[in-house]
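Q: Dropping the structure in here first, questions after.
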Amino acid sequence: MSQNQNQNENQNLSQDNYRFQVNLSGMIDILSNHLYSSPRVFLRELLQNAVDAVTARKQMDDGYEGRISVEVTGSGSTATLMIEDNGIGLTEEDVHEFLAMIGQSSKRGGKGLLTEETSFIGRFGIGLLSCFMVSDEIVMLTQSAKGGLSLEWRGKPDGTYSIRRLDTRMSPGTRVYLRCKPGCEVYFDPMNLQNWLYNYGALLPYPITLHAEGLSRTINVMRPDWLINPELARGKRDEALRFGERLLGERFHDFIPLFTSSGRTGGIAYVLPQAVNLNSKKAHRVYLKNMLVSESAENILPDWAFFVKCVVWTDELQPTASREHFYENEKLETVREQLGESLRRELMRMAEVDPDRLQHIIRLHTLSMKALAAEDLDFFRIIHRWLSFESSFGRRQLGELLDEGRDIYFTLTLDEFRQITHVASAQSLLVVNGGYIYDAELIDGLAQVYPDMNIARLLPEDVSMAFTDITREERLQYYENIRHADAALQRFRCQVELKRFKPVELPSLFTLSKESSELRSLEAAEQVSSSELSSILNTLGSAYKEAAYSTLYLNLDNPVVSRIFSSAESSMLVAAVEMLYVNALMMGHYPMNRQEMAALNLGILRFIDWGLSAGTPQTERKDNDDGF
Ligand SMILES: Nc1ncnc2c1ncn2[C@@H]1O[C@H](COP(=O)(O)OP(=O)(O)OP(=O)(O)O)[C@@H](O)[C@H]1O
């Protein structure tokens with residue numbers, strides 16, 4: 001005997017083997033608190049088991065008709081729910097193998113959990129446990145369609161179960177009984193059950209009935225043909241809209257059929273009747289093998305498609321264990337692309353055959369349309385004339401702006417646009433604001449669609465070049481006042497330039513160089529930071545200080561400015577220029593620092609005082625003269 005063999009045998013002699021134990025109540029806690037979004041999913045799991053049982057029996061006997069019913073007896077804390085199917089049922093062997101073994105499922109066919117597809121919805125072998133969220137015991141009566149005795153199985157959350165063989169033979173199928181756990185009355189309420197059953201099972205091909213309070217209600221009618229073949233929905237407009245309203249709880253006026261090339265995923269995209277925010281939660285409703293999987297599937301459509309709410313059915317995607325989402329895999333990516341493509345194709349079709357309808361969608365959902373156009377030049381080419389942009393001529397459709405035949409200038413930030421827009425419009429320059437989301441990409445696209453057009457970026461400095469200088473004589477005349485004004489704004493690192501520009505109503509224009517804009521942000525941060533951070537910011541700021549001068553252009557064509565420079569005494573001139581400066585900051589939506597706030601406050605008080613003094617008799621005025 002070799003030395004190695006000896007060692008192995010010694011090891012085997014001292015080795016003890018054990019089985020993993022599962023703490024069932026711990027598992028149930030994990031499921032209820034971390035996997036499922038609400039205890040009400042127990043109903044989905046039961047319904048799904050009933051559907052799978054019917055599908056399995058259909059595979060044995062094609063002529064058989066499946067049916068499912070739900071019954072509630074008693075009310076409040078004495079309520080009991082029973083769900084019955086006439087499906088495949090379970091033999092005693094099945095019970096031990098599948099029902100009582102967590103993680104074991106009769107629906108996987110023994111291969112992989114993730115890769116294999118079957119006609120069943122269940123696959124993980126954990127769904128039934130969800131019933132313990134609402135009941136302290138699961139009682140199942142079952143008769144296998146394959147024969148054998150009828151059985152009663154009782155399972156408890158502590159992991160124990162019992163089996164009793166029944167004297168009387170049931171017809172094939174299964175009944176599951178749940179008695180309401182204290183605090184779970186809401187999950188046994190007939191009205192709630194009716195709504196949830198519809199929610200989960202509206203597309204199921206087998207009839208579901210609910211018996212409660214002496215009434216029988218049919219939950220689902222036949223699944224409409226146009227849902228399976230969405231192209232047909234065009235001919236059933238009212239019906240399709242009503243269906244969307246019932247299922248999604250909103251009234252829609254328009255929809256777009258959805259397809260994929262495999263034919264295994266499809267649906268209807270309802271156009272939202274109101275504009276939605278880019279970040280609003282996408283709540284598409286997705287059915288897997290006709291059972292509701294998710295009411296808030298986000299990843300089933302491309303990101304740009306936030307103008308629709310969809311009902312999607314599929315039999316090719318893989319649900320996660322919570323059954324509320326899908327695995328993000330290649331198949332989902334293909335489905336997402338193809339559903340997006342069917343939306344895009346329909347929008348392109350509308351441009352040709354029904355432009356009014358498309359324009360309506362664009363008006364309502366500009367952002368969503370811009371998002372698509374920004375990543376798809378062909379789409380942009382088709383719809384660009386209907387997209388609206390903020391411009392120096394107001395918010396206008398691109399088509400109207402193009403028809404003006406002007407050169408198009410654009411800014412890349414909202415700040416730049418605000419600085420430029422008044423002057424640009426006064427000089428009839430067409431400037432488009434590229435500062436909003438997607439707009440810069442779209443302007444880029446415009447240059448590709450119209451390669452011969454003059455489209456150029458405009459900076460605030462470029463616009464101020466177009467001002468008219470004052471004459472030499474005027475410069476001499478106002479020399480002293482310009483000097484005072486300039487000195488007054490030195491402490492704000494702003495220089496004053498006296499010019500003439502249009503419109504005359506605009507007394508001043510403020511431009512900020514890149515450096516001074518960065519310095520302003522640093523200063524704003526410094527004012528609210530701790531002392532260490534503040535000193536770092538201060539050091540950073542001093543690097544900018546040299547270059548960081550802003551300019552306040554004052555318009556000599558403006559009557560008030562003209563009066564200030566012609567006749568004001570120097571204290572009035574300084575106060576007025578400071579007020580014009582802070583006013584320009586406010587107009588440009590720039591945050592003001594403490595010093596500027598103080599200048600604003602002081603200025604207001606001064607002007608109130610001067611105003612009051614101007615209206616008071618000479619004798620009284622004397623006392624107030626030295627107020628400031
Ligand atoms: N109504 C039913 N009729 C026949 N068999 C059933 C029924 N309900 C449950 N079973 C059996 O019990 C097993 C376990 O059910 P459970 O709901 O826990 O998991 P599953 O449906 O297989 O998978 P999943 O966790 O994905 O739902 C099933 O695989 C099935 O064999």
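Q: Please list, ordered by first then second residue, the pairs with beta carbon atoms under 8 Å, 6 or more apart or interchain, first in the range 100-126 and at pLDDT below 70, second near the ligand (Cβ under 6 Å from one of its atoms) and assigned to a loop (DSSP other than H, G, I, E, B).
A: Every condition considered, the pairs that remain are Leu113/Arg123; Leu113/Phe124.
Q: Continuing with the same structure: Based on what the data block shows, is Tyr187 at pLDDT 95 or above, away from the ligand (no atom under 14 Å from the Cβ) and assigned by TED's automatic domain parsing to the domain that holds Gly87?
A: It is true that Tyr187 is at pLDDT 95 or above, away from the ligand (no atom under 14 Å from the Cβ) and assigned by TED's automatic domain parsing to the domain that holds Gly87.
Q: Any residue at all in the range 133-156 that is more than 15 Å from the ligand (Cβ to nearest atom), at negative phi and more than 45 Å from the chain's Cα centre (by Cα)?
A: Scanning the range 133-156, I find at least one residue that is more than 15 Å from the ligand (Cβ to nearest atom), at negative phi and more than 45 Å from the chain's Cα centre (by Cα), so the answer is yes.
Q: Conditions first: (1) at pLDDT below 95; (2) under 25 Å from the mean Cα position of the chain (by Cα); (3) crowded, with 21+ Cβ neighbours inside 10 Å. Ile437 passes all but one, so which condition is the exception?
A: Evaluating Ile437 over (1) at pLDDT below 95; (2) under 25 Å from the mean Cα position of the chain (by Cα); (3) crowded, with 21+ Cβ neighbours inside 10 Å leaves (3) as the failure.
Q: For the range 55-80, what are the residues that are more than 38 Å from the chain's Cα centre (by Cα), in contact (Cβ under 8 Å) with a residue 60 or more places away in the chain and either part of a helix (DSSP H, G or I) or within 9 Å of the ligand (Cβ to nearest atom) (or both)?
A: Passing the criteria: Ala56, Arg57, Gln59, Met60, Gly76, Ser77, Thr78.
Q: So, one more: Hey, does the range 359-371 have a residue that's under 22 Å from Leu278 (Cβ atoms), surrounded by fewer than 19 Cβ atoms within 10 Å (Cβ to Cβ) and in contact with a Gly (Cβ under 6 Å, 6 or more places away or on another chain)?
A: No, every residue in the range 359-371 fails to be under 22 Å from Leu278 (Cβ atoms), surrounded by fewer than 19 Cβ atoms within 10 Å (Cβ to Cβ) and in contact with a Gly (Cβ under 6 Å, 6 or more places away or on another chain).
Q: It is to be established whether one or more residues within the range 536-546 are of a type outside the set (Asp, Glu), at pLDDT below 85, crowded, with 17+ Cβ neighbours inside 10 Å and under 22 Å from Glu505 (Cα atoms).
A: Among the residues of the range 536-546, not one is of a type outside the set (Asp, Glu), at pLDDT below 85, crowded, with 17+ Cβ neighbours inside 10 Å and under 22 Å from Glu505 (Cα atoms), which makes the answer no.
Q: Sticking with this one: Starting from the range 317-341, take each residue that is within 16 Å of Arg285 (Cα to Cα) and part of a helix (DSSP H, G or I) and list its partners that are at pLDDT 85 or above and among the acidic types (Asp, Glu), counting only C-beta distances under 8 angstrom and pairs at least six apart or across chains.
A: Val335/Glu316
Q: Moving to a separate point now. For the list (1) more than 43 Å from the chain's Cα centre (by Cα); (2) at pLDDT below 90; (3) crowded, with 16+ Cβ neighbours inside 10 Å; (4) not hydrophobic (A, V, I, L, M, F, W, C), I need the number of the one condition that Thr468 fails.
A: Thr468 satisfies all of (1) more than 43 Å from the chain's Cα centre (by Cα); (2) at pLDDT below 90; (3) crowded, with 16+ Cβ neighbours inside 10 Å; (4) not hydrophobic (A, V, I, L, M, F, W, C) except (3).
Q: Now, a different point. Which numbered condition trips up Ala233, out of (1) aliphatic (A, V, I, L, M); (2) out of contact with any Pro (no Cβ under 7 Å at 6 or more places or on another chain); (3) under 28 Å from Leu317 (Cβ atoms)?
A: Of the numbered conditions (1) aliphatic (A, V, I, L, M); (2) out of contact with any Pro (no Cβ under 7 Å at 6 or more places or on another chain); (3) under 28 Å from Leu317 (Cβ atoms), the odd one out for Ala233 is (2).
Q: Take the range 229-258 and flag every residue that is surrounded by 13 or more Cβ atoms within 10 Å (Cβ to Cβ), out of contact with any helix residue (DSSP H, G or I) (no Cβ under 9 Å at 6 or more places or on another chain) and of a type outside the set (D, E, K, R).
A: If the condition is that a residue be surrounded by 13 or more Cβ atoms within 10 Å (Cβ to Cβ), out of contact with any helix residue (DSSP H, G or I) (no Cβ under 9 Å at 6 or more places or on another chain) and of a type outside the set (D, E, K, R), then Asn229, Leu241, Gly244, Leu248 are the ones that fit.
For every residue, the table says whether it meets (1) out of contact with any Lys or Arg (no Cβ under 9 Å at 6 or more places or on another chain); (2) within 30 Å of Ser296 (Cα to Cα).
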residue	(1), (2)
Thr142	no, no
Ala145	no, no
Thr168	yes, no
Glu185	yes, yes
Gln194	no, yes
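Q: Another question, then. In the range 86-105, is there at least one residue being part of a strand (DSSP E or B), more than 9 Å from the ligand (Cβ to nearest atom) and of a type in the set (S, T, N, Q)?
A: no
Q: Which of the following residues is within 30 Å of Leu288 (Cβ to Cβ), surrounded by 13 or more Cβ atoms within 10 Å (Cβ to Cβ) and at pLDDT below 90: Ser77, Ser69, Ser37, Ser32?
A: Ser32
The values are calculated or read from the model by the stated rules, or taken from the named source; none is laboratory data. Predicted model, so just to flag it, every value in this text is computed and none were measured. Because the Cβ atoms are built from the backbone with ideal geometry, glycine has one as well, and the counts that use them run over all protein chains shown.
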